[in-house]
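Participant: Take a look at this one; I'll ask things after.
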Amino acid sequence: MKLFTDTAWVFMRYLRGLLRSPFVLIITVVQPMLWMILFGHVFSSIGSIPGFAASSYIDYLGPGIVMMSTMMAGAYSGMGVLSDYKDGVLDRLLISPISRLALLLGSLLQDALTLSFQAALMIGVAAILGASFSGGLLGIVQLILIAVLLGLAMGALSISLGLIVRNESSLTAAVSFATMPLLFLSGLFMPLQLVPHWVEVIARFNPLNWAVEAGREVLGAQPDWSLVLQHGSYLVLLFAASCLLVVGAFRHYQRLI
């Protein structure tokens with residue numbers, strides 16, 4: 001019962017903080033919207049290439065931008081921990097009787113809520129731009145779940161890195177350095193059959209590409225469930241490993257207090 005109440009308190013605390021400072025949330029929503037609109041129009045003629053993977057480019061791009069949105073939002077989750085560290089709140093929380101697991105669960109629950117909202121919003125934008133979803137409502141729900149899983153994994157990694165570097169500029173630089181290659185070394189913007197072979201090889205180990213390919217499959221009329229299960233399993237393992245890193249990072253930081 002204490003774990004539940006502590007988790008709820010941490011969740012509400014982070015949620016109130018987000019509502020008081022919505023600028024980051026607005027930016028992480030507006031940027032993917034601009035990418036979807038610009039890339040969707042600039043590269044719209046690619047959809048007419050014989051054998052292209054989708055009936056239109058926006059159908060192809062839409063799920064990728066959804067994944068990009070949650071990945072980018074998750075990648076900056078560590079900023080909240082750094083804000084607590086800078087204000088001295090983190091030290092007080094770690095020496096208080098509050099459950100350490102609740103600190104992680106409350107943060108992840110808040111991330112899950114905001115990531116679900118962002119994913120749903122990106123799906124709405126894609127629909128307005130003309131994207132079709134053959135998988136129906138069930139496919140859309142599955143797409144959101146995959147996107148949230150990717151975002152939570154990135155969020156846990158970001159929190160771990162934030163506890164290690166304990167500097168906002170360093171975390172921002174690290175996120176920018178890591179996310180850009182993930183975007184372009186994947187099938188987000190272009191089918192992997194049309195990119196250099198070395199990019200295709202690297203994409204097999206790219207978490208964003210796992211999520212993008214699984215997301216496109218669940219939206220199809222006849223999904224390849226073996227691929228969805230395979231890539232979904234990879235994301236679950238990444239999330240589990242990220243959570244272990246967070247726990248280790250918290251313990252390491254607590255020893256320094």
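The values are calculated or read from the model by the stated rules, or taken from the named source; none is laboratory data. What you see is a predicted model; the values in this text were computed from it and never measured. Glycine gets a Cβ as well: all are built from the backbone with ideal geometry, and neighbour counts include every protein chain shown. Surface areas here come from the heavy atoms of the whole protein model, side chains and all, with no ligands, DNA or RNA. Shrake-Rupley method; radii C 1.70, N 1.55, O 1.52, S 1.80 Å.
Participant: If each of V199 and L38 carries a label point 7 Å out from its Cα toward its Cβ, how far apart are those two points in nm?
Facilitator: Each label point is offset 7 Å from its Cα along the Cβ direction, giving 1.7 nm.
Participant: Which peptide among 167-173, 221-227 comes first, and what is the full order, when sorted by highest mean count of other Cβ atoms within 10 Å? Spell out each step's value before the answer.
Facilitator: Numbers: 167-173: 14.7, 221-227: 12.1.
Order by mean packing, descending: 167-173, 221-227.
Participant: With all protein chains present, how much of the accessible area of region 148-240 (probe radius 1.4 Å) comes from carbon and sulfur, to the nearest whole percent? Intermediate results must be reported in sequence, preceding the final value.
Facilitator: Working: 3020 of 4380 Å².
Carbon plus sulfur share of accessible area: 69 percent.
Participant: Anything in the chain that counts as a DSSP H helix reaching 24 Å or more along its axis (C-alpha) with Kyte-Doolittle mean of at least -0.5? List them, would you? Could the numbers behind the result be given before it?
Facilitator: Details: long enough: 2-20 (27 Å, 0.20); 23-42 (28 Å, 2.04); 57-75 (27 Å, 0.94); 100-128 (43 Å, 1.54); 136-165 (43 Å, 2.44); 168-184 (25 Å, 1.15); 225-256 (46 Å, 0.99).
TM-like helix candidates: 2-20, 23-42, 57-75, 100-128, 136-165, 168-184, 225-256.
Participant: Can you tell me how region 78-216 classifies by the Cα gyration tensor, rounded, prolate or oblate, using a/c under 1.5 as the rounded cut?
Facilitator: Details: a/c = 2.69, a/b = 1.59, b/c = 1.69.
Oblate, since a/c reaches 1.5 and b/c is not below a/b.
Participant: Let me ask you something else. Can you pull the one-decimal nm distance between simple spin-label points at L93 and R255, each 7 Å off the Cα toward Cβ?
Facilitator: Each label point lies 7 Å from its Cα, and together they span 2.2 nm.
Participant: Follow-up. Calculate for the chain the 222 nm mean residue ellipticity that helices alone would give, adding -39,500 (n - 2.57) per DSSP H run of length 4 or more and normalising by residue count, nearest 500 deg cm²/dmol.
Facilitator: Details: 11 runs with 201 residues, N = 257.
-26500 deg cm²/dmol, from helical runs alone.
Participant: Report the local net charge at A54: Lys and Arg +1, Asp and Glu -1, summed over other residues whose C-beta lies under 14 Å from its C-beta.
Facilitator: Numbers: positive: R216; negative: D59, E213, E217.
With Lys, Arg at +1 and Asp, Glu at -1, the net is -2.
Participant: If you don't mind, another one. About its Cα centre, how strong a charge dipole does the chain have in debye, to the nearest 20, once Lys and Arg get +1 and Asp and Glu get -1 at the Cβ? Kindly include the intermediate steps, with their values, before the conclusion.
Facilitator: Values: 12 positive and 11 negative charges, 157 e Å.
Around 760 debye, computed over the chain.
Participant: Here is a further query. Which whole-angstrom value gives the distance between the alpha carbon centres of region 1-51 and region 110-173?
Facilitator: 6
Participant: Right, another one. Taking the highest mean first, how do the peptides 187-198, 141-152, 86-97 order by number of other beta carbon atoms within 10 angstrom per residue? Don't skip to the end; give the middle numbers.
Facilitator: Values: 187-198: 15.3, 141-152: 23.6, 86-97: 12.4.
My ranking of the peptides, most packed first, is 141-152, 187-198, 86-97.
Participant: Right, something else. Work out, step by step, the length gained on full extension between D224 and A8: first 0.36 nm times the residue separation, then minus their alpha carbon distance; give nm to one decimal.
Facilitator: On the way: separation 216, 0.36 × 216 = 77.76 nm, distance 3.77 nm.
The D224-A8 span can extend by a further 74.0 nm.
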